[in-house]
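No value in this document is a laboratory result; all are computed from the given coordinates. Owing to the predicted nature of the structure, the values given are computational and were not obtained by experimental measurement. Note that we place each Cβ from the backbone using ideal geometry, even for glycine, and neighbour counts take in every protein chain shown.
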Amino acid sequence: MTSQLQHHVRLPEPNLLFHPDRPSDRDIHPLRGLARFGPYSSMFTPSPIRVATLAPSGESQRLFEFLRELNQPARPQERTEYLPDWASFNSVFQTHLAPAAGHCRRELDAQLDGEMKDCPAPGLLLAERLIRSIQLLDANRADFDVLFIYLPERWSSGFYGADDFDLHHQLKAFTAARQLPIQIVREDSALSYRCRASVMWRIGLALYAKAGGVPWKLADVEPDTAYIGISYALRPVKSELARFVTCCSQVFDADGAGLEFIAYDTGDVNVQRENPFLSHTEMFRVITRLSTAVGF
C-alpha cells in the first residue's frame, strides 16, 4: 500500500467579528453579520459619507436617485439562500450618505456621444475625458469621501479595446495612485439590474469600505499569522497578442496591513474553460516566492 498526500483539505468557514469590544458579535456569514450587528468600525467611520459625482451631460440626477435608493429597503430576487434583506445603508452601516457639495459634482460635455461614434479608439477618448474631469475633482479632494462615476450602456464601445484596453482598469490605476476612491456605476449592472437587493449589498459594501470603513475582521486570528491571496490575470482568447498568464499574489498580516504584491508571468499553465491551472512545478515556484516574501 502506498501513502499519498491529500490533494486538498476542506476548511470550515471562519468566524467574522463585527465589533472591536464585543467578541460575541460574530457570524460566519458576512452580510448576515452586518445586518445583525452592524460594521466593525461603526464608531470610527465618518458620517455622513460624502459622495461626489461624475456623469454624462444632464444625467447627474440618475446618480442622486441611486444614492436615495441605497437608503430604501429591498428584498432579494436571486441567491435568496445567501442574500439577506437589504434594510437601508443607514441601518446596515450605521452611518449616513450625502451628496457632496456642488463643486464636487461634474458632468461631461454633451458632445462626447458624437465624438465617441466618430473616434476609432472610443475607449481612449472616454478615458481621457473622464480622467480630465477626475483631475478637476481631485482639487477638492478634502470635500468628498468617494467619487461615483456613471457609465451609461450607450458608451459600451469605450469599455474595452485593442491591446487589452479596459476602461475600468485605466480609471482604477489612475485614481489609486492618487488615493482617490471611486465607485463605477454602470447602467446595466447597477441602475437597471433586476435584483435591487443584490445591487444594494454590492455597492453599499464597496462604498462603505472605500470611505475607510471596516465592515468586519476575522475573529480568533493568530497575531503572527500571514495571509496569502492568489489570483491571476489572463489575456483574453480574442486578443491578437500572445496569450500568457500573470500570477498575482498578495501577502498581508492578521490586521490586513503590511500588504505586499507579487506578480510574474508564466507560460506553464493548462487552460480549461478559460481558467488557467498551474502545474505542480509552477505552483511550487509560487509558494516558494511567497515563503521568501514573508520570511518563512
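Which GluC sites (Glu not before Pro) in segment 69-151 pass both tests, a DSSP loop state and at most 15 other beta-carbon atoms within 10 Å? Of the GluC sites (Glu not before Pro), the ones in loops of segment 69-151 whose Cβ has at most 15 other Cβ atoms within 10 Å are E78, E81.
3J(HN,Hα) along segment 25-39: 7, 9, 6, 7, 9, x, 6, 5, x, 4, 5, 7, 10, x, x Hz, from the Karplus curve 6.51 cos²θ - 1.76 cosθ + 1.60 with θ = phi - 60°, whole Hz, x for Gly and Pro. As a proxy for reagent exposure, M43, M200 were ordered by neighbouring Cβ count within 10 angstrom, fewest first; the result is M43, M200. For K210, a cut-off of 14 angstrom between C-alpha atoms picks up these aspartates and glutamates, skipping any fewer than 8 places away in its own chain: D145. In the neighborhood of L191, defined by Cβ-to-Cβ distances under 11 Å, what is the net charge if each Lys or Arg adds +1 and each Asp or Glu adds -1? After counting each charged neighbour, the total is -3. The order of D113, D163, going from fewest to most other C-beta atoms within 10 Å of their C-beta, is D163, D113. Counting only DSSP beta bridges with both residues in the chain, tell me the antiparallel percent, nearest 5. So the antiparallel bridges in the chain amount to around 65 percent.
Stokes-Einstein diffusion coefficient for the chain at 37 °C in a medium of 0.692 mPa s, Rh from the Kirkwood formula over Cα pairs: what value in µm²/s?
Translational D for this selection: 150 µm²/s.
Ordered by the count of other Cβ atoms within 10 Å of each Cβ, fewest first, Y232, Y82, Y208 give Y82, Y232, Y208.
Distance between the C-alpha centers of segment 113-140 and segment 22-89? Whole Å please. One Cα centre to the other: 29 Å. The trypsin sites (Lys or Arg not before Pro) of segment 1-91 meeting both criteria, a DSSP state outside H, G, I, E and B (loop) and at most 16 other C-beta atoms within 10 angstrom of the site's C-beta, are R10, R79. Using θ = phi - 60° in the Karplus curve 6.51 cos²θ - 1.76 cosθ + 1.60, the 3J(HN,Hα) couplings for segment 188-203 round to 6, 9, 10, 5, 10, 5, 5, 8, 5, 4, 4, 5, 4, 5, 5, 6 Hz; x is entered for Gly and Pro.
Need the full-extension length gain, E107 to T225, defined as separation in residues times 0.36 nm minus the C-alpha distance. One decimal, nm.
Details: separation 118, 0.36 × 118 = 42.48 nm, distance 4.64 nm.
Fully extending the segment from E107 to T225 adds 37.8 nm.
When only Cα pairs below 8 angstrom with a gap of at least 6 residues are kept, segment 1-51 shows a relative contact order of 28 percent.
Amide H contacts of L151: V185, R186, E187, each under 5 Å away and 5 or more positions distant or on a separate chain (H built 1.01 Å from N in the peptide plane; Pro and chain starts excluded). Annotation: amide H of Y232 within the under-5 Å range of C248, sequence separation 5 or more or interchain, hydrogens built in the peptide plane. Between amide H atoms placed 1.01 Å from N, distances below 5 Å from Y40 occur with W216, all of them 5 or more places distant or on a separate chain. Each residue of segment 57-67 was assigned a 3J(HN,Hα) from its phi angle through the Karplus expression (A = 6.51, B = -1.76, C = 1.60, θ = phi - 60°), giving 4, x, 10, 4, 4, 5, 6, 5, 5, 5, 4 Hz with x at Gly and Pro. Working from Cα pairs under 8 Å separated by at least six residues, relative contact order for segment 16-217 is 29 percent.
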